[in-house]
1. Would you check if L24 is closer than 22 Å to P76 by Cα and crowded, with 17+ Cβ neighbours inside 10 Å?
2. Out of the helices (runs of 4 or more DSSP H) lying entirely within the stretch 1-114, which hold 2 or more residues that are over 20 Å from the mean Cα position of the chain (by Cα)?
3. If you go through the stretch 120-134 one residue at a time, do you hit one that is assigned to a helix (DSSP H, G or I), small (G, A, S), touching a strand residue (DSSP E or B) at 6+ places or on another chain (Cβ under 8 Å) and at pLDDT 55 or above?
4. Taking the stretch 16-48 on its own, how many of its residues are touching an Asp or Glu at 6+ places or on another chain (Cβ under 9 Å) and among the basic types (K, R)?
5. Which one of A48, A44, A38 is over 15 Å from R6 (Cβ atoms), out of contact with any Phe, Trp or Tyr (no Cβ under 8 Å at 6 or more places or on another chain) and surrounded by fewer than 13 Cβ atoms within 10 Å (Cβ to Cβ)?
6. Quick one: R56 ticks every box in (1) loosely packed, with under 14 Cβ neighbours inside 10 Å; (2) under 16 Å from R6 (Cα atoms); (3) of a type in the set (K, R) except a single one, so which number is it?
7. Identify all residues within the stretch 1-16 that are farther than 23 Å from Y67 by Cα and of a type outside the set (D, E); write none if there are none.
Amino acid sequence: MIRIKRVYDPPAPEDGARVLVDRLWPRGLRREAAALAAWARELAPSDALRRWFGHRPERWPEFRRRYLAELRARRPALEALAARARAGPLTLVYAAADATRNNAVVLREALEALLAGRRRAASGRARAGASGRARAGRRRVSSSAASRARARRRRRARGSG
């Protein structure tokens, strides 16, 4: 489970590993009071994106889109944080005043998508292991080639091909 929480809120036992996801250290906060397991500076939005956003609500959709693009470019760091989430409770902590429009919200979304994708891939491999053995010897075909082949079969079935 991945939670998000303001870094200024007191730590709780259910937080699990608390990871700061801001590029800058929060103002007025002592390191001991933060009770952090890690500081994932490398997963914070770039300085340029952070300055551009400025926590202006009207810029939120575009900030979210740009930040997700930045996160895709930082896949190894994202996967390392996802591994930490698989190991136990993870709380992403942030300093922003807005609880619904901040980088931790987007980062949690990206992590959950990554974790869900792994679960889907693992369950797909398990299903293919039982029923896919007969298909194992078949040649792999690109999706566009496969769709052209399906279209040819449909035309033949209708008698127009």
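1. Values: closer than 22 Å to P76 by Cα: yes; crowded, with 17+ Cβ neighbours inside 10 Å: no.
Here the answer is no, as L24 does not meet what is asked.
2. Working: elements: 31-34, 47-53, 60-73, 75-87.
The qualifying helices (runs of 4 or more DSSP H) are 31-34, 47-53.
3. Kept after step one, since they are assigned to a helix (DSSP H, G or I), are these residues of the stretch 120-134: 120-134.
Those still in the list that are small (G, A, S) too: 121-124, 126, 128-132, 134.
Narrowing the set further to residues that are touching a strand residue (DSSP E or B) at 6+ places or on another chain (Cβ under 8 Å) leaves none.
No: the stretch 120-134 contains no residue that is assigned to a helix (DSSP H, G or I), small (G, A, S), touching a strand residue (DSSP E or B) at 6+ places or on another chain (Cβ under 8 Å) and at pLDDT 55 or above.
4. 2
5. Details: A44 fails: surrounded by fewer than 13 Cβ atoms within 10 Å (Cβ to Cβ); A38 fails: surrounded by fewer than 13 Cβ atoms within 10 Å (Cβ to Cβ).
Going through A48, A44, A38 in turn, the sole match is A48.
6. For R56, the failing item is (2).
7. Within the stretch 1-16, the subset farther than 23 Å from Y67 by Cα is 8-16.
Of everything in the stretch 1-16, those that are farther than 23 Å from Y67 by Cα and of a type outside the set (D, E) turn out to be Y8, P10, P11, A12, P13, G16.
The values are calculated or read from the model by the stated rules, or taken from the named source; none is laboratory data. Quick caveat: nothing in here was measured; it's all calculated off a predicted structure. Don't worry about glycine lacking a Cβ; one is built from the backbone with ideal geometry, like all the others, and counts go over all protein chains shown.
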